[in-house]
Amino acid sequence: MEGSSSLQTAIVSVNPAMTSFVSSLYWSLPTPRSFVERVQSHAKACRATVLSFRRHLMPGTWDGVKEGLRAADVLYKEISIGDGTDIALEIAPHLECSAATPLVLAQLRVNHLVAVLLRPRSEMARQRCDDYFAHFLREVEHSAGSVHLFIEMRDGEQRLDAKGRDVQVLTFDGALSPDEMAAYVGIRMLGREGPGSTRLLRALVYEYAGFDARLAERLIALTDSEILSLPGSLGPLLEEEPLRWSASSWAHGTHATIDGHEARHPLHEWHLALHKGHFQDEARRASQKRYWRASVQALTPWLEERRGSVLEVFKKPIDEVLAVTGGKIQKVLQSGKTVEIDRSEIDYNTLVGFAHYQGLRIPFDPISQRAFGVCKLAKSVRDDLAHLRAPKLQDISSLISETDGLLDDIAEKRQFRSWSEPSK
């Protein structure tokens, strides 16, 4: 399907004070694109089409409608309706008739299939469009015209596509699936790492954006410290539209159905967490769990990738212990059961345990002491993750800075040795 320039390249402002929404990226994702394709495939199915949208439209939504109509080879006439607009007179010049009343429009036959798109500019105008559409729908049942009428509704009454003989409903809530949000955030944050050598910032934006690409952009615009302070830094965003986020409403975008499951918007969730009520404790736990999931996603592989380099610092003391135990180390589990582990299974937690309970000697040189400190920090963070808790921000910051610093020291020491050793 050929794309229009507006749909493929538009960058539409969401909040001029904060950031911009990248329309071309959003509309290239499967769910938004499928809406355009639904418009295309259903463009000629019924004379009357209701487009059921949320009250806060995703930028480019009407461009998507027009793109779908063009792909279906349907001409469209976009009519802007104000409070005092006479809809019949406003449509008439576009169809070369004197007055396009609902009856005339229902009976009108034209050489090429035409769709009239009614675009109200206010709530009063919206009511006028609704009345016109209702009259058209009554007339079209007994008419053989060829003009199609499209109208948008934003009351949230229609949340699923539906089709009758003369009228159909096409819905679009703008929500992205988790995979789509991961792709959107990943592309938008390419080159922005952190803190340190991690990708925790990216993981946090992904988790706290939920299904809303506009919220993702607002979070991307935050400073690193504000992102790391989530969900607390959602407060200013809540204050912009407190009434919107206070109630569960499909029309207002505070929830969506994703892959058959009900998903709550992160801002609605945080509103519930901040206010006394039946859902407060559950919402607070759910919001904190987003931080836990981001930490698991970003820190678990990051720690594992660095485990070998950190534990290599303790090669000599570990060798001393293994020489006494015959190459195996016994570990007593919390259940009281004793298991044997070999060298490859030693991780941050077990090394700290061996130092405290199995006599593992930690050398007093700066790198060994720093590496042992990293193991203790890693153990603390991993213990939280294992118990489904979001680690403390201070623990995360210390772990990342100490680990990055240690590996830099190790690399510098190796480089110094390579320079100082005489070449053979």
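Give the stretch 247-259 a look and list any residue that's crowded, with 16+ Cβ neighbours inside 10 Å and either over 19 Å from E207 (Cβ atoms) or assigned by TED's automatic domain parsing to the domain that holds I396 (or both), or say none.
Matches in the stretch 247-259: S249, W250, A251, H252.
Within the stretch 223-245, how many residues are part of a helix (DSSP H, G or I) and either under 17 Å from L57 (Cβ atoms) or out of contact with any Pro (no Cβ under 8 Å at 6 or more places or on another chain) (or both)?
The qualifying residues number 13.
For the stretch 66-94, give me each residue that is surrounded by 21 or more Cβ atoms within 10 Å (Cβ to Cβ) and more than 35 Å from the chain's Cα centre (by Cα).
I87, I91 - these are the residues of the stretch 66-94 that are surrounded by 21 or more Cβ atoms within 10 Å (Cβ to Cβ) and more than 35 Å from the chain's Cα centre (by Cα).
Give the residues of the stretch 273-311 that are buried (at least 16 other Cβ atoms within 10 Å of the Cβ) and either of a type in the set (G, A, S) or in contact with a strand residue (DSSP E or B) (Cβ under 8 Å, 6 or more places away or on another chain) (or both), sorted by residue number.
A273, A283, A286, S287, A294, S295, A298
Looking at the stretch 178-195, I want the residues that are among the aliphatic types (A, V, I, L, M) and have a partner that is part of a loop (DSSP other than H, G, I, E, B) with Cβ atoms under 7 Å, at least 6 apart or on another chain. Which pairs are those?
M181/F211; A183/L29
Are there any pairs, at least 6 apart or on different chains, whose C-beta atoms fall under 6 Å, with the first in the stretch 113-132 and in contact (Cβ under 8 Å) with a residue 60 or more places away in the chain and in the same structural domain as E152 (by TED's automatic domain parsing) and the second part of a helix (DSSP H, G or I) and among the hydrophobic types (A, V, I, L, M, F, W, C), and if so, which?
Short answer, once both residue conditions are applied: A115/L69.
The conditions are (1) at pLDDT 90 or above; (2) part of a helix (DSSP H, G or I); (3) within 27 Å of G196 (Cβ to Cβ); (4) not acidic (D, E), and S344 fails exactly one of them. Which is it?
(1)
Of the numbered conditions (1) modelled with pLDDT of 95 or more; (2) among the aliphatic types (A, V, I, L, M); (3) surrounded by fewer than 20 Cβ atoms within 10 Å (Cβ to Cβ), L105 satisfies every one except a single condition; which is it?
(3)
Sort through E193, E207, E262 and tell me the only one that's surrounded by fewer than 21 Cβ atoms within 10 Å (Cβ to Cβ) and under 22 Å from S397 (Cα atoms).
So the residue among E193, E207, E262 that is surrounded by fewer than 21 Cβ atoms within 10 Å (Cβ to Cβ) and under 22 Å from S397 (Cα atoms) is E193.
Quick check on this structure: which one of G145, G194 is touching a Leu at 6+ places or on another chain (Cβ under 9 Å) and either among the aliphatic types (A, V, I, L, M) or farther than 30 Å from T403 by Cα (or both)?
Only one candidate passes the filter, namely G145.
Say we look at the stretch 45-65 and pick out the residues that are more than 19 Å from the chain's Cα centre (by Cα) and of a type in the set (G, A, S); which of these is farthest from L215 (Cα to Cα)?
A45
Just need a number here: residues in the stretch 348-392 that are of a type in the set (A, V, I, L, M), at pLDDT 90 or above and outside any helix (DSSP H, G or I).
Qualifying residue count for the region: 3.
Can you name every residue in the stretch 230-247 that is farther than 18 Å from A390 by Cβ, in contact with a helix residue (DSSP H, G or I) (Cβ under 7 Å, 6 or more places away or on another chain) and not aliphatic (A, V, I, L, M)?
If the condition is that a residue be farther than 18 Å from A390 by Cβ, in contact with a helix residue (DSSP H, G or I) (Cβ under 7 Å, 6 or more places away or on another chain) and not aliphatic (A, V, I, L, M), then W245, S246 are the ones that fit.
Does E217 satisfy being acidic (D, E) and in contact (Cβ under 8 Å) with a residue 40 or more places away in the chain?
yes
Name, by its number, the condition in (1) in contact (Cβ under 8 Å) with a residue 24 or more places away in the chain; (2) out of contact with any Ser or Thr (no Cβ under 9 Å at 6 or more places or on another chain) that does not hold for A273.
(2)
What single numbered condition from (1) of a type outside the set (S, T, Y); (2) under 30 Å from D408 (Cβ atoms); (3) surrounded by fewer than 16 Cβ atoms within 10 Å (Cβ to Cβ) fails to hold for E239?
It is condition (2) that E239 fails.
For S248, indicate whether it is part of a loop (DSSP other than H, G, I, E, B) and either without any contact (Cβ under 8 Å) to a residue 60 or more places away in the chain or within 22 Å of D404 (Cβ to Cβ) (or both). Full working, then the answer.
Working: part of a loop (DSSP other than H, G, I, E, B): yes; either without any contact (Cβ under 8 Å) to a residue 60 or more places away in the chain or within 22 Å of D404 (Cβ to Cβ) (or both): yes.
In short, yes.
Going through V147, V140, V169 one at a time, which residue ends up being at pLDDT below 95 and among the aliphatic types (A, V, I, L, M)?
When all the criteria are applied, what remains is V140.
Condition (residue is under 43 Å from the mean Cα position of the chain (by Cα), part of a loop (DSSP other than H, G, I, E, B) and of a type in the set (S, T, N, Q)) applied to the stretch 283-302: is it met by at least one residue?
Checked the stretch 283-302: no residue is under 43 Å from the mean Cα position of the chain (by Cα), part of a loop (DSSP other than H, G, I, E, B) and of a type in the set (S, T, N, Q).
Tell me which of these Q280 doesn't satisfy, since it passes every other one: (1) within 17 Å of the chain's Cα centre (by Cα); (2) more than 30 Å from T61 (Cα to Cα).
Q280 satisfies every listed condition except (1).
The values are calculated or read from the model by the stated rules, or taken from the named source; none is laboratory data. Please read all numbers here as calculations on a predicted model, not as lab measurements. Backbone-built Cβ (ideal geometry, glycine too); neighbour counts: all protein chains shown.
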